[in-house]
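Please treat every number below as a calculation from the coordinates, not as lab data. Nothing here was measured: the structure is a model prediction, and the numbers come from that model. FYI the Cβ positions are ideal-geometry reconstructions off the backbone, even for glycines, and counts take in every protein chain you see.
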Protein chains: 2
Amino acid sequence: MDEGLKRRALRLLTYGVYVVGVAAPQGRNAFTADWVMQVSFQPPLVAVAVRKGTTSHAWLLAGRAFSVNILEQGQKDLAARFFRPLHRVGDKLADVDYFVERTGCPILRDALAWFECELLDAHDSGDHTLAVGRVVEAGVHRDGEPLTLRETGWYYGG
Amino acid sequence: MDEGLKRRALRLLTYGVYVVGVAAPQGRNAFTADWVMQVSFQPPLVAVAVRKGTTSHAWLLAGRAFSVNILEQGQKDLAARFFRPLHRVGDKLADVDYFVERTGCPILRDALAWFECELLDAHDSGDHTLAVGRVVEAGVHRDGEPLTLRETGWYYGG
């Protein structure tokens, strides 16, 4: 397989941009994620691929829940705040306006919409874990168009 | 949980539009899919959620492989050709220009780009199966912008 063609093809997959929140006994955290998709209607299940070795990976598995905050067009700066690892930047939620609902995972007031999930399965998936959760609560803050990875000009794929 | 809010929030997730091909001893088939995403860099893994009870579901598991054809902006009509079930419309590939590479799964000449995967895992996922495959071959037919579900005006989510 040609590595260059593989990278080009995989980077043509379409993604949104989300801030995924976790809550564990150790604390709350959030990270920018693109690999998020629904995987069942009944029951409503959503899968998130989470990079192994990160704080959020450990806390998601410890807390067995996650929230997905759907960002709006123009919110690239908000997404960028949740890029870097907690161990380098400290509490990423310190200056962020958020609230919690059923799972305790952070829900950003500035996002377009959100839902939260209870972890159902954690499948080993190469350098990521594929976390599958059941949607237990959801909300929409306002009407608007979601931010896409293409709009940001960033890549996470290949 | 408010069902209406759950549906609205989940429909704000961003997806592309793909034609997923399968090859089994029984034959070849292809279906339109939106729930497709990469789930690992090393090794390169991609997950596709496939509705249970469909011909493609059975043939994907029997053939243990799938191809993902990435459609281009403006190719809504091509996507629509692969919507309906095989048992109602017959051979969906009869009038389609395709070729095969390593896995035998159909690769559409008119798509923007493609890759094909060998099935690694098939996770039970409510009314779908979450098929995870390792990318073994890939190609890009031309430069272009991928078709998004938002462009089509269709929904598959909620």
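Odds and ends about this structure:
- Nearest-0.05 FRET efficiency for residue B:61 and residue B:155, computed from C-beta distance (R0 41 Å): 0.95
- Amide H contacts under 5 Å for residue B:71, placed H, 5+ residues apart: B:17, B:19, B:112, B:147
- The modelled label-to-label distance between residue B:5 and residue A:124, using points 7 Å beyond Cα along the C-beta direction, is 3.9 nm.
- Taking a ≥ b ≥ c as the square roots of the eigenvalues of the Cα gyration tensor, an a/c ratio below 1.5 marks chain B as rounded.
- In this simple spin-label approximation, residue B:88 and residue A:99 carry label points 7 Å from Cα along the Cα→Cβ vector, and these lie 4.3 nm apart.
- For segment A:118-153, the set of trypsin sites (Lys or Arg not before Pro) satisfying both a DSSP loop assignment and a count of at most 15 other C-beta atoms within 10 Å is given as A:142.
- Centre-to-centre, using Cα atoms only, segment B:96-147 and segment A:1-49 are separated by 18 Å.
- Taken about its Cα centre, the protein assembly as shown carries a charge dipole of about 200 debye when Lys and Arg each add +1 at the Cβ and Asp and Glu each add -1 at the Cβ.
- In a reduced charge model with +1 at each Lys and Arg Cβ and -1 at each Asp and Glu Cβ, segment B:17-152 shows a dipole moment near 360 debye about its Cα centre.
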